[in-house]
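Laboratory data are not the source of any read-out in this text; all were calculated from the coordinates shown. Here the structure is a predicted model, which is why all the values come from computation and not from measurement. When we count neighbours, we look across all protein chains shown, and the Cβ atoms used for this are built from the backbone with ideal geometry, even at glycine.
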Amino acid sequence: MICFLIKSEHGQTAVEYLLLILVCASLGITFFKKMDEYVISNPQGLIGGPINQFKTQLNQDPTGRYRTFPILIRR
């Protein structure tokens, strides 16, 4: 009877640790997805805003490609 209880307690501890790891991983994934939506993917976010301003400064043409400017080298 005692051996059965010890194995049961070890199994319960392992299951509790697995559930704890699962909950922490799911919370971490959710947190990073929300941060990605707010910081990177959002056009007005902390990273998306400056990127849009940079694209505007480079005079992006309607096709979505950046304009190239020739470099003149004088001798």
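Modelled label-to-label distance, Asn42 and Gln57, 7 Å Cα→beta-carbon offset: nm?
Going by the 7 Å Cα→Cβ label model, 2.2 nm.
If you count, for each residue, the other Cβ atoms within 10 Å and average over each peptide, how do 49-55, 12-18 line up from highest to lowest? Working shown, then result.
Details: 49-55: 11.6, 12-18: 10.0.
Highest to lowest by the protection proxy: 49-55, 12-18.
Within a 10 angstrom radius of the beta carbon, how do Leu72, Leu20 rank from fewest other beta carbons to most?
Ranking Leu72, Leu20 by Cβ neighbours within 10 Å, fewest first, gives Leu72, Leu20.
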